[in-house]
Every structure is written in C-alpha cells, then in structure tokens.
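Heads up: the structure comes next, in structure tokens.
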Amino acid sequence: MSEKRLKQIITLSLVGIILVISAYNLWAYQGTLLYPFLRDRVTGEPPETIAEIMAEKGLASEKDTDIWIEIIKSEHSLVLHAGKDVLKKYPVSLGEKPLADKEKAGDGRTPAGEFKITEKVIYSPPRRFYGSRMMMLNYPNRKYALQGLHQGLITSKDFLAIESAENKGITPPQDTGLGGGICIHGGWGPFMGRSWTGGSVALYSQDAEEIFEYVKEGTKVIIQN
C-alpha cells in the first residue's frame with residue numbers, strides 16, 4: 001500500500017470518527033435527532049403532544065390539573081399522570097441494577113418511593129449527559145435518612161438537616177453518606193444503554209423538555225419496581 005493511499009484511509013477514518021462524535025453530541029446535548037420521524041406504534045402517526053392529549057381528555061390546563069410522575073423501573077418507563085388519567089409514557093434509562101434500591105453514596109442505584117421535585121433547571125447551552133432540562137428530586141428524604149441513621153451512614157445532625165429540608169420542601173443535603181444528585185434529566189442518547197446513569201432518571205432531551213413545562217417544584221414523583 002502506497003503512503004498516499006495510507007494517508008487517505010487515515011484521513012477518511014478520522015473524518016468518520018468526527019462525524020459520529022458530532023452526531024452523538026448533537027443528540028446528547030440538543031435532543032433526539034430522530035424525533036421528527038418517530039411514529040406511534042398503534043396509529044402510525046407522529047406522537048401526540050401533552051397539550052393535544054389534555055385537550056382530548058377535556059383537561060383545561062396543567063395549572064388546573066394534578067400533574068404527577070410515576071417511574072416504573074422494571075419497564076424503564078416514565079408515566080406522566082393528570083390525576084387519575086394517564087397522559088403520556090416515555091422510555092427512560094436508570095442507574096446500575098435498576099430494580100435494586102439505593103442504599104448509599106456511590107452505589108449508582110436509582111432510589112424507590114415517593115419524592116418531590118425541588119428544583120427545575122434549564123441548561124443553556126445544554127450539557128452533555130443532562131441535555132437542556134433537569135428536575136431535582138428530594139433524595140435523600142426522611143425514609144432514606146432514617147435507614148441511613150440506623151446503618152451508621154449518616155449522623156444525627158445529617159438526619160435533622162434532611163428532615164428539615166423535607167419539611168421545607170427544598171433540596172436536602174447532597175454530601176452525606178447517602179449520596180445525592182438524583183434527578184430527572186435529558187441527555188439520553190444512542191448506544192448509552194438503559195442503565196447508564198449514576199442513579200438518576202434519564203430521558204431523551206426532547207421528552208425532558210416536554211415534561212419540564214408541565215411540572216413544578218413540589219410535583220409528586222413515585223418511583224417503583
């Protein structure tokens with residue numbers, strides 16, 4: 001093989017790698033590239049928006065509706081509810097060993113139970129692995145703090161701080177032996193798998209942006225197997 005031919009192969013290979021990385025980053029940062037081409041498996045039509053679904057169900061607006069989130073770990077799905085009505089279902093990626101409960105900092109697991117959204121953050125520009133939207137959950141809550149106290153993972157001072165945060169509806173301390181940073185966010189991309197987060201719930205960025213508009217601080221989030 002001539003030196004010229006070898007250089008051409010190397011150049012083309014590098015260009016290919018750059019294109020793949022660029023496409024991946026565009027997905028992870030900006031949203032789902034294939035979203036405009038997705039179709040409902042039953043109707044064959046583009047997915048309905050939450051606004052369209054709410055209109056069909058006769059729900060006036062999100063402000064007048066009990067919006068809450070259910071995350072079913074065994075199905076890797078997030079279900080958006082309005083009271084007793086199911087509005088929309090989304091695929092998600094979770095932490096390591098998705099069905100195992102979170103126990104301590106660094107175990108990479110997704111917790112289970114009832115939580116509240118305590119913060120809503122827009123990232124501009126979007127962040128890799130987080131996309132443009134993040135909804136923080138109040139983990140660790142009192143349930144996990146009590147377990148952690150009995151197991152010697154946190155101190156009495158930590159427990160009281162977590163309990164106080166829960167009573168105030170704010171984000172609890174994130175630097176105890178129970179860990180933290182558990183949130184719902186965008187940034188999920190191709191080839192990333194369904195169990196790649198550090199315990200959080202990852203959505204396609206387009207889905208995270210849609211959900212973000214219909215939840216608020218205090219919105220209930222139930223995570224179950």
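Among the conditions (1) under 20 Å from Gln206 (Cβ atoms); (2) over 19 Å from the mean Cα position of the chain (by Cα); (3) hydrophobic (A, V, I, L, M, F, W, C); (4) at pLDDT 70 or above, Leu12 misses just one, which is (1). Of the residues making up the range 96-115, one or more are in a strand (DSSP E or B), over 13 Å from the mean Cα position of the chain (by Cα) and not aromatic (Phe, Trp, Tyr). Inspection of the range 93-101 finds a residue satisfying the criterion of being closer than 30 Å to Phe159 by Cα, free of Cβ contacts under 8 Å to residues at least 24 places away in the same chain and either of a type in the set (A, V, I, L, M) or crowded, with 17+ Cβ neighbours inside 10 Å (or both). Each residue in the range 125-158 was checked for being surrounded by 22 or more Cβ atoms within 10 Å (Cβ to Cβ) and either in contact with a Pro (Cβ under 9 Å, 6 or more places away or on another chain) or closer than 18 Å to Asp175 by Cβ (or both), and 11 pass. Residues in the range 75-93 that are under 15 Å from the mean Cα position of the chain (by Cα) and of a type in the set (Gly, Ala, Ser): Ser77, Ser93. Take Ile122 and tell me if it is surrounded by fewer than 20 Cβ atoms within 10 Å (Cβ to Cβ), at pLDDT 95 or above, assigned to a loop (DSSP other than H, G, I, E, B) and at negative phi. Considered against the rule, which asks whether it is surrounded by fewer than 20 Cβ atoms within 10 Å (Cβ to Cβ), at pLDDT 95 or above, assigned to a loop (DSSP other than H, G, I, E, B) and at negative phi, Ile122 comes out as no.
Among the residues of the range 145-161, the one identified as of a type in the set (Val, Ile, Thr) and without any contact (Cβ under 8 Å) to a residue 24 or more places away in the chain is Thr155. Residue count for the range 162-198, restricted to those that are within 20 Å of Gly218 (Cβ to Cβ), surrounded by fewer than 18 Cβ atoms within 10 Å (Cβ to Cβ), more than 18 Å from the chain's Cα centre (by Cα) and touching a residue at least 12 places away in the same chain (Cβ under 8 Å): 4. Whether any residue in the range 119-126 is under 20 Å from Thr219 (Cβ atoms) and hydroxyl-bearing (Ser, Thr, Tyr) is what I want to check. The answer is yes, given that some residue of the range 119-126 is under 20 Å from Thr219 (Cβ atoms) and hydroxyl-bearing (Ser, Thr, Tyr).
Go through the range 128-145 and give me each residue that's in contact with a helix residue (DSSP H, G or I) (Cβ under 7 Å, 6 or more places away or on another chain) and under 25 Å from Thr176 (Cβ atoms).
Scanning the range 128-145 gives Phe129, Met135, Asn138, Pro140, Asn141, Arg142, Ala145.
Within the range 58-109, the only residue that satisfies the criterion of being aromatic (Phe, Trp, Tyr) and over 28 Å from Leu146 (Cα atoms) is Tyr90. Filtered by the rule that a residue be part of a loop (DSSP other than H, G, I, E, B), among the aromatic types (Phe, Trp, Tyr) and touching a strand residue (DSSP E or B) at 6+ places or on another chain (Cβ under 6 Å), the range 175-225 gives Trp188, Trp196, Tyr214. Criterion applied to Ser164, Ser132 was being touching an Asp or Glu at 6+ places or on another chain (Cβ under 7 Å) and either closer than 26 Å to Leu78 by Cβ or among the small types (Gly, Ala, Ser) (or both), and the one residue passing it is Ser132.
The values are calculated or read from the model by the stated rules, or taken from the named source; none is laboratory data. Keep in mind it's a predicted model, so treat the numbers as computed, not measured. All Cβ positions, glycine included, derive from the backbone under ideal geometry; neighbour counts span all protein chains shown.
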